[in-house]
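The values are calculated or read from the model by the stated rules, or taken from the named source; none is laboratory data. This structure is a prediction, so every number in the text was calculated from the model and none was measured. Glycine also receives a Cβ, built like all others from the backbone with ideal geometry; neighbour counts cover every protein chain displayed. When the accessible area is computed, the model is the full protein with side chains, heavy atoms only, and any ligands, DNA or RNA have been set aside. Shrake-Rupley method; radii C 1.70, N 1.55, O 1.52, S 1.80 Å.
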Amino acid sequence: MIDKVPVYARELVEERTPPGWGAAQEAIADTALEAVWRCVVELLGLRPPEELLLVMRVLALFVCPDPGRHPELLRVCLSPLQRGVLQETTTMLLRQSLVRP
């Protein structure tokens, strides 16, 4: 099952390819998918699933050349981060900035 993940991911990317993408963008997307999958394979046995999911969401946002044009990426990767780790970090930073010495 796990060996089919890269194939499934590539199919998802091809399914949602933005209009006007050429061979260069497709090659970059394929290379990014392969690099991300190599990272996943290394991390699978070493990290808890929640941490792996966090890493994958951040990586997806970093490798996408234009997240604003990919609503699915924003929904699946950015929104959970905003409700989770980014919200916690922002709250902590706000509390620290409001504390007067």
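What percentage of all Cα-Cα pairs in the chain are separated by more than 15 Å?
When every Cα pair of the chain is considered, 69 percent fall beyond 15 Å.
Working from Cα positions, state the angle (0 to 90°, nearest 10) between the long axis of helix 23-44 and the longest principal axis of the chain.
Tilt of helix 23-44: around 60 degrees.
Could you order peptides 68-79, 17-28 by the average number of other Cβ atoms within 10 Å of their residues, highest first?
With the highest mean Cβ count within 10 Å placed first, the list reads 68-79, 17-28.
Of all the accessible heavy-atom surface of the chain, with the other protein chains kept in place and a 1.4 Å probe, what percent is carbon and sulfur?
63 percent
How large is log10 I(q)/I(0) at q = 0.22, 0.23, 0.29, 0.32 Å⁻¹ when the Debye formula is applied to the Cα atoms of region 53-101, each weighted equally and without solvent?
-0.76, -0.79, -1.03, -1.13
In nm, to one decimal, how far is the E14 label point from the R38 one, both placed 7 Å along Cα→Cβ?
The two pseudo-label positions are separated by 2.2 nm.
If r is the Cβ-Cβ distance from K4 to S79 and R0 is 25 Å, what FRET efficiency results, to the nearest 0.05?
Using R0 = 25 Å, I get an efficiency of 0.45.
Let me know the charge dipole size of the chain about its Cα centre in debye, to the nearest 20, where only the beta-carbon of Lys, Arg (+1) and Asp, Glu (-1) is charged.
Taking the Cα centre of the chain as origin, the dipole is about 580 debye.
For A23 and S97, what is the calculated FRET efficiency with R₀ set at 41 Å and r taken between the beta-carbons, to the nearest 0.05?
0.30
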